[in-house]
Amino acid sequence: MPAPFIHASTPGRVVFGPGTLATVGDEIARLGCRRALVLSTDFQAPEAERLADMLGDMAAGTFTEAAMHTPVSVTETAMAQFEDTGADCVVAIGGGSTIGLGKAIAWRNDAPQLVVATTYAGSEVTDILGQTENGRKTTVRDPRIRPETVIYDPDLTLGLPVAMSVSSGLNAMAHAVEALYAPDANPVTSLMAVEGLRALKSALPKIVDAPDDPAARGEALYGSWLCGIVLGAVAMSLHHKLCHTLGGGFDMPHAETHAILIPHTAAYNAAAAGDRLAPAAALFGGDLGGGLYDFARSIGGPLSLSDLGLRQGDLTRAADMAVENPYENPREVTRDGILALLSRAHSGQRPATT
Ligand code: NAD
């Protein structure tokens, strides 16, 4: 019998499959809306314009200035356009940065959100919003933040560059690893976490070999959905806190930082949560930290924080910051332990086993 647990199913509608971009108009109508502001980054502006053209009268316009870490100044400009154009919902087409902008708008005006997810970051199924103002990143959780509808169309990921696919996929896997030992994990979230890891472990090497393999792209998107659900369903610990510290304090890029650290944080916590991590370890040859490192290396993933520009001299400050605010974690989070972990991740070594 499982230990007593509480499980709250994630609300929201998911439309999955090749060609599902064509359903955006129907899905807007299903939300009871008529005019969508289509959001994207500057890089994906052509996709946003194409979608707006496809929507015709159902598009109130495009806003293509979404940026990493959801700057409040960008949100305010987008809010003004939302009101000026008489939009009644947002459609975010892109990864976590664009989805963050849609969430930031919805958190302020409760606009229904439809997301067309094109990376593996998982933000589209969480009620979490991180935003930056005056150089500080803060995080809020609110039911209004979780998008109502998510469309996963693998066709839109065929062109996601391989390096980004690998980092983004490892970023998703990090959600699943931490979900397995979360204090509020339950049998359902653990099933989804292991299935998410399995799907991404299977898909990413195929994507490296053939980036436009539709089946592998679909498998990766399916895995990233499961990993995103568990990110939004249970509490995250050492790994996500450490990535937040490095992202906020040292301006490290999101997906790559997750990708480099996950073998090390998994190894650190395996010493105390080996039983809960066993199903994940089994996928990676029994040693989760080492296995994840070997997997990341085999698919050309980033391995060293120094390659991302973090300086040796930053490590002690990062370790100090990482232990400032205590949180629940399977293994005690000590300054020396974190410094040793960061030192190995900085130089790109295989994780220590204890
Ligand atoms: P991103 O959204 O910043 O995308 C990186 C770049 O890739 C952008 O230029 C984007 O336009 C482009 N891109 C996206 N999909 C593409 C595709 N299919 N083909 C070609 N180019 C594509 O990257 P990300 O890793 O998805 O998101 C990172 C951000 O999301 C961070 O700010 C992070 O904090 C946030 N995030 C939030 C949550 C949450 O639950 N709140 C979860 C995960 C990530």
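The values are calculated or read from the model by the stated rules, or taken from the named source; none is laboratory data. Owing to the predicted nature of the structure, the values given are computational and were not obtained by experimental measurement. With ideal geometry, Cβ positions are generated from the backbone for all residues, glycine too; neighbour counts draw on all protein chains shown.
Taking the stretch 122-152 as the search range and keeping residues that are among the small types (Gly, Ala, Ser) and closer than 27 Å to Gly196 by Cα, which one is nearest to the ligand (Cβ to nearest atom)? So the residue we want is Ser123. So is Asp42 in contact with a strand residue (DSSP E or B) (Cβ under 7 Å, 6 or more places away or on another chain) and surrounded by fewer than 15 Cβ atoms within 10 Å (Cβ to Cβ) or not? So Asp42 fits the description; yes. Looking only at the stretch 223-242, which residues are surrounded by fewer than 24 Cβ atoms within 10 Å (Cβ to Cβ) and within 11 Å of the ligand (Cβ to nearest atom)? Across the stretch 223-242, the qualifying residues are Gly232, Met236, His240.
Residue-by-condition table, conditions (1) free of Cβ contacts under 8 Å to residues at least 24 places away in the same chain; (2) out of contact with any Phe, Trp or Tyr (no Cβ under 7 Å at 6 or more places or on another chain); (3) outside the structural domain of Glu324 (by TED's automatic domain parsing); (4) over 28 Å from Leu156 (Cβ atoms):
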residue	(1), (2), (3), (4)
Asn186	no, no, no, yes
Glu195	no, yes, no, no
Ala203	no, yes, no, no
Asp209	yes, yes, no, no
Met236	no, yes, no, no
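Taken together, the residues in the stretch 6-42 that are modelled with pLDDT of 95 or more, hydroxyl-bearing (Ser, Thr, Tyr) and within 16 Å of the ligand (Cβ to nearest atom) amount to 3. When each of Ala235, Ala296 is tested for being at pLDDT 95 or above, under 26 Å from Val115 (Cβ atoms) and small (Gly, Ala, Ser), the lone residue that passes is Ala235. Residue count for the stretch 285-295, restricted to those that are touching a helix residue (DSSP H, G or I) at 6+ places or on another chain (Cβ under 6 Å) and in contact (Cβ under 8 Å) with a residue 40 or more places away in the chain: 4. If you go through the stretch 313-339 and keep only what is in a helix (DSSP H, G or I) and buried (at least 16 other Cβ atoms within 10 Å of the Cβ), you end up with Asp314, Leu315, Ala318, Ala319, Met321, Ala322, Gly337, Ile338, Leu339. The set of residues in the stretch 112-140 being surrounded by fewer than 23 Cβ atoms within 10 Å (Cβ to Cβ) and at pLDDT 95 or above consists of Pro112, Asp127, Ile128, Val140.
Restricting the stretch 153-195 to residues that are more than 16 Å from the ligand (Cβ to nearest atom) and in a loop (DSSP other than H, G, I, E, B), the residue that is farthest from His254 (Cα to Cα) is Asn186.
All of (1) in a helix (DSSP H, G or I); (2) buried (at least 21 other Cβ atoms within 10 Å of the Cβ) hold for Ala272 with one exception: (2). All told, Thr119 falls short of being within 26 Å of Trp225 (Cβ to Cβ), away from the ligand (no atom under 11 Å from the Cβ) and among the polar types (S, T, N, Q).
Taking the conditions (1) surrounded by 19 or more Cβ atoms within 10 Å (Cβ to Cβ); (2) more than 10 Å from the ligand (Cβ to nearest atom); (3) under 13 Å from Pro71 (Cα atoms) in turn, Ile99 satisfies each one other than (2). Considering the stretch 155-176, and only residues there that are surrounded by fewer than 23 Cβ atoms within 10 Å (Cβ to Cβ) and not hydrophobic (A, V, I, L, M, F, W, C), the residue that is nearest to Ala121 (Cα to Cα) turns out to be Pro161.
Only residues that are touching a Leu at 6+ places or on another chain (Cβ under 9 Å) and either in a helix (DSSP H, G or I) or closer than 16 Å to Ala271 by Cβ (or both): list them for the stretch 286-303, please. Of everything in the stretch 286-303, those that are touching a Leu at 6+ places or on another chain (Cβ under 9 Å) and either in a helix (DSSP H, G or I) or closer than 16 Å to Ala271 by Cβ (or both) turn out to be Leu288, Gly291, Leu292, Tyr293, Phe295, Ala296, Arg297.
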